[in-house]
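Chemist: Input: one structure, supplied below.
The values are calculated or read from the model by the stated rules, or taken from the named source; none is laboratory data. For clarity, every value in this text was computed on a predicted model and none was experimentally measured. So basically every Cβ, Gly included, is an ideal-geometry build from the backbone, and we count neighbours across all protein chains shown. The protein model used for the area step is the full one, side chains on, heavy atoms only, and it has no ligands, DNA or RNA in it. Shrake-Rupley method; radii C 1.70, N 1.55, O 1.52, S 1.80 Å.
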Amino acid sequence: MFVVYSPEGQSFIGAAHNLPALKVDPARRVTESPKTELADMNMEPDHSNPYFQRQLALKQYQRAQKPAGDRHVVVKVAEIMIQPVTTVTPEATITEAWNIMQQQDINHLPVVGEAGLVGICAQGDLLKKAILNDAGELEDIRVSRIAEVMQNQVVTARPETEIRQVAMALTQYHIGALPIVSEKGEVVGIVTLSDLVRRLSQEPPVEIYV
């Protein structure tokens, strides 16, 4: 939901696609003072002068519109990933996986077999095959092993992957977590959508432009 403010207060509250066109007062052309006159005056600029303030604002705007230049700060996912990673085997039971998630307050568990990463399991996957009772325990479990409920296709990333690409993958594939895998195929970290949002809100802020 978006809110548009005006001098009269809130003028719009609603979704982005319903945003009204913003009204901008027409600009007035300002005649620039000859540079020779300013040079002849040989004095420090008056920062309170409206002309100086307009010129300063114009320069800042033009600077912001230029290509990033030396602004190449791109955070790698290795800097924000959670490690070490808690994993389970395909033979682990649904109850074991659920208890681990509750004890460690996590929502996703990569599933690692002898050949490496073979799947990932979320709390929602477990709840599709069981019922959660009032005590927070699973009952009426319809499958026994994680292998029967895990997601077999797992989107992963390397530690050197740019954080913006991780954000794109999470949103594009509608997934809540992305295991970080080394060149050897080892799970070395994990990043969730919550981790990404939390890091973006911290100081200093994550800069994901190039």
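Chemist: Out of the residues in the stretch 176-196 meeting the condition of being open to solvent by less than 40 Å² (accessible area, probe 1.4 Å), under 20 Å from ASP105 (Cβ atoms) and among the aliphatic types (A, V, I, L, M), tell me which one is farthest from the chain's Cα centre (by Cα).
Modeler: This residue is VAL187.
Chemist: Follow-up question, since we're still on this one. Is it the case, given these coordinates, that ILE131 is free of Cβ contacts under 8 Å to residues at least 24 places away in the same chain and of a type in the set (Val, Ile, Thr)?
Modeler: Against the criterion (free of Cβ contacts under 8 Å to residues at least 24 places away in the same chain and of a type in the set (Val, Ile, Thr)), ILE131 qualifies.
Chemist: On the basis of being part of a loop (DSSP other than H, G, I, E, B) and touching a residue at least 12 places away in the same chain (Cβ under 8 Å), does VAL188 make the cut?
Modeler: It is false that VAL188 is part of a loop (DSSP other than H, G, I, E, B) and touching a residue at least 12 places away in the same chain (Cβ under 8 Å).
Chemist: With the structure loaded, tell me whether ALA157 is crowded, with 16+ Cβ neighbours inside 10 Å, in contact (Cβ under 8 Å) with a residue 24 or more places away in the chain and over 14 Å from LYS76 (Cβ atoms) or whether it fails that test.
Modeler: So ALA157 does not fit the description; no.
Chemist: Right, next: Of everything in the stretch 86-144, what is surrounded by 13 or more Cβ atoms within 10 Å (Cβ to Cβ), over 24 Å from the mean Cα position of the chain (by Cα) and assigned to a loop (DSSP other than H, G, I, E, B)? Give them in sequence order.
Modeler: Within the stretch 86-144, THR89, PRO90, ALA92, LYS129, ALA130, GLU137, ILE141, VAL143, SER144 meet the criteria.
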